[in-house]
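First up is the structure itself, then whatever we jot down about it.
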Amino acid sequence: MSTTQHIKKNDIYNAFHEIWETEEPSDGVLHGLCIAIKDNIVTKKGTTTCGSKMLKGYNSPFNATVVDRLENAGAVLVGKTNCDEFAMGSSTEHCAWGPVKNPWDTNRVPGGSSGGSAVAVAANLCDAALGSDTGGSIRQPAALCGVVGYKPTYGNVSRYGLVAFASSLDQIGTFTHSVEDAAKITQCISGYDELDSTSYPETHPDLCENLKNPIKHLRIGVPSQYIGSNNETAVNDAIQDAIDTYKKLGASIVELELPLTDVGISTYYVLAPAEASSNLARYDGIRYGHRTDELCSDLFELYSKSRAEGFGDEVKRRIMLGTYVLSSGYYEAYYNNALKIRRLICEEYKTAFESCDVILGPTTPTVAFPLGSTADPVSMYLNDVYTANTNIAGICGISIPCGFSEEHGSRLPIGLHLQCAWHEDAKLLRIAQMFESATTFHTERPGAIA
Amino acid sequence: MNENQPQTELTDDEIRHVAHLARLAITVSEVSKAKKDLTAIFTHISRLSAVDTDGVQPLDHPTELLNHLREDTRSDTLSQQQVLANAPVIKDVYFAVPKVLGESI
């Protein structure tokens, strides 16, 4: 059976928005690896819709840099994966093409916003997938679907061709079955790109060279804020087991305090909507995207009606939130104050990394929750409590499988979240590899796949 | 409104004003839903005012890189046909829009 047929037959989760006929790959280090692309990364082939009616049928005239680099490295691109609309969400329920389901329990969400990419890998529909992470949108669904989700340091992977949500927070990364695949693929897609003005101009470290060499005298920071009553019992237990695993590997544990963990989500929900309200102003119903069929007497009416029809509720909510915090009279109290807290969060990380190599905790406070269970936006936002600060500071983070919960009647994966300092991606992946080599959680798969 | 004390309760008029600024047409029932949701979000966000930020410089961007400047040389760009291909309505080789002159935005 071809990869295309395999995906068509087995995608009972709505992971894919488009499944492509595959082409003969070029030679390269990723030769023959089947990779899916999140639907907010532009491709000349097929459409790029960002899970939105606003971009239904949009056909990009160019490829994102990561897409070109994957093809040049010999990857086989298999299609586009569903996501929360414009990458805004933590459940992939806010997708114009229907919710994506978690292969471990199809009554539950896969997490989001890159839920389709996480499911495509978790359900063995393809070898790997690209996603984007603005506040946890790779790491959270990776945790909830039991796969490896890696968000590189901001600037390591070009954002050229990633449809902008919050430009100072967005970063493209990978979903894979193993840390080694994450290193291999990221090695191909990272590196300076003159088409992205925020691309990191210095030499990028080799992620694969020393991947399997364990780090001696590893110091693991465990913040008190990451463990405790906010988390489900099974999550706390799995993290404690992970700490014990690292201790057996010779690591020492450093007790940390990261008191700004608690205000991270609030800071994020000022900064990200503010940037989004500006970035999404481009959808005007004129140059591309949805345009109202109603007869409009002036431009204002055309903009307002096209945007009201094209955007879904969560996107509208965030545009309004962002517009409000940037508006006259509120800019200082909300947006500028959040930017000051952003600096404090960076300083808090810098101080923490003076005493440890890596910060460890759970990726999410809970396992995958039931579809339709979080109608209230604030409770949805709290899913990203442990992941948002990584983006606010721009450091690197990875979620790797570290256990399962049986508390909810089905076997649901738990993610271990590791964060390292700016441009210490090679170290982060080595530390993740140490855990993966000592455990088998990453080898488990949901149900039987044909 | 004191700029240093963020409010959490939004009024209908404020919701309509923000929707206007954001160029989003909004119905009466959407105003009330948006008011409820945004008030809940602002209540959560209000905890930021308790953080001591005196003397802290705002940080816009994690890299703090300076601008990259490229060589000022000619390079390939999209063709007119490519640029127009996704437009919902075009006239000849132009994007079609309602009248612009004389309107009041």
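The values are calculated or read from the model by the stated rules, or taken from the named source; none is laboratory data. Worth saying up front: this structure is predicted, and the values here are computed from it rather than measured. Neighbour counts run over all protein chains shown; Cβ positions are idealised from the backbone, glycine included. Keep in mind that these areas ignore ligands, DNA and RNA; they rest on the heavy atoms of the full protein, side chains included. Shrake-Rupley method; radii C 1.70, N 1.55, O 1.52, S 1.80 Å.
So here's what we get for this one:
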item: From A:Ser297, A:Ser328, residue being more than 8 Å from chain B (Cβ to nearest Cβ), within 30 Å of B:Val100 (Cβ to Cβ), polar (S, T, N, Q) and assigned to a loop (DSSP other than H, G, I, E, B); result: A:Ser328
item: Those residues of region A:247-267 which are in a helix (DSSP H, G or I), facing another protein chain (nearest Cβ under 10 Å) and either of a type outside the set (Asp, Glu) or open to solvent by less than 50 Å² (accessible area, probe 1.4 Å) (or both), in sequence order; result: A:Val263, A:Ile265, A:Ser266, A:Thr267
item: In region A:356-373, the residues that are touching a Ser or Thr at 6+ places or on another chain (Cβ under 7 Å) and of a type outside the set (A, V, I, L, M); result: A:Thr363
item: Residue among A:Leu382, A:Leu344, A:Leu302 that is under 30 Å from B:Leu78 (Cα atoms) and aliphatic (A, V, I, L, M); result: A:Leu302
item: Strands (runs of 3 or more DSSP E) within region A:1-104 that include 2 or more residues of a type outside the set (Asp, Glu), modelled with pLDDT of 95 or more and open to solvent by 40 Å² or more (accessible area, probe 1.4 Å); result: A:16-19
item: Residue satisfying condition, being within 25 Å of A:Arg69 (Cα to Cα), under 12 Å from the mean Cα position of the chain (by Cα), of a type outside the set (Asp, Glu) and assigned to a helix (DSSP H, G or I), within set A:Ala129, A:Ala118; result: A:Ala118
item: Count of region A:412-429 residues which are surrounded by fewer than 24 Cβ atoms within 10 Å (Cβ to Cβ) and either modelled with pLDDT under 95 or out of contact with any Phe, Trp or Tyr (no Cβ under 9 Å at 6 or more places or on another chain) (or both); result: 2
item: Some residue of region A:347-369 being out of contact with any strand residue (DSSP E or B) (no Cβ under 9 Å at 6 or more places or on another chain), of a type in the set (Ser, Thr, Tyr) and surrounded by 19 or more Cβ atoms within 10 Å (Cβ to Cβ); result: no
item: Some residue of region A:312-321 being hydrophobic (A, V, I, L, M, F, W, C), surrounded by fewer than 21 Cβ atoms within 10 Å (Cβ to Cβ) and in contact (Cβ under 8 Å) with a residue 12 or more places away in the chain; result: no
item: Pairs with Cβ under 6 Å, 6+ apart, first in region A:110-125 and under 11 Å from A:Ala143 (Cα atoms) and open to solvent by 10 Å² or more (accessible area, probe 1.4 Å), second part of a loop (DSSP other than H, G, I, E, B) and not aliphatic (A, V, I, L, M); result: none
item: Number of the exception - A:Ser197 against (1) away from every other protein chain (no Cβ under 13 Å); (2) open to solvent by 10 Å² or more (accessible area, probe 1.4 Å); result: (1)
item: Hey, A:Ser277 assigned to a helix (DSSP H, G or I), within 21 Å of the chain's Cα centre (by Cα) and facing chain B (nearest Cβ under 7 Å) or not; result: yes
item: Failed criterion for A:Lys216 (all others in (1) touching a helix residue (DSSP H, G or I) at 6+ places or on another chain (Cβ under 9 Å); (2) open to solvent by 10 Å² or more (accessible area, probe 1.4 Å); (3) modelled with pLDDT of 95 or more; (4) away from chain B (no Cβ under 14 Å) hold); result: (1)
item: Qualifying residue in region A:430-448 (condition: surrounded by fewer than 20 Cβ atoms within 10 Å (Cβ to Cβ), touching an Asp or Glu at 6+ places or on another chain (Cβ under 9 Å), away from chain B (no Cβ under 14 Å) and at positive phi); result: no
item: Residue pairs meeting the criteria (Cβ under 7 Å; at least 6 apart or on separate chains; first under 22 Å from A:Tyr58 (Cβ atoms), in region B:76-103; second open to solvent by 100 Å² or more (accessible area, probe 1.4 Å)); result: B:Val93/B:Gln80
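Here is a yes/no grid of residues against (1) among the hydroxyl-bearing types (Ser, Thr, Tyr); (2) in a loop (DSSP other than H, G, I, E, B):
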{"residue": "A:Thr174", "(1), (2)": "yes, no"}
{"residue": "A:Cys188", "(1), (2)": "no, no"}
{"residue": "A:Glu194", "(1), (2)": "no, yes"}
{"residue": "A:Ser199", "(1), (2)": "yes, yes"}
{"residue": "A:Glu202", "(1), (2)": "no, yes"}
{"residue": "A:Cys208", "(1), (2)": "no, yes"}
{"residue": "A:Lys216", "(1), (2)": "no, yes"}
{"residue": "A:Gly228", "(1), (2)": "no, yes"}
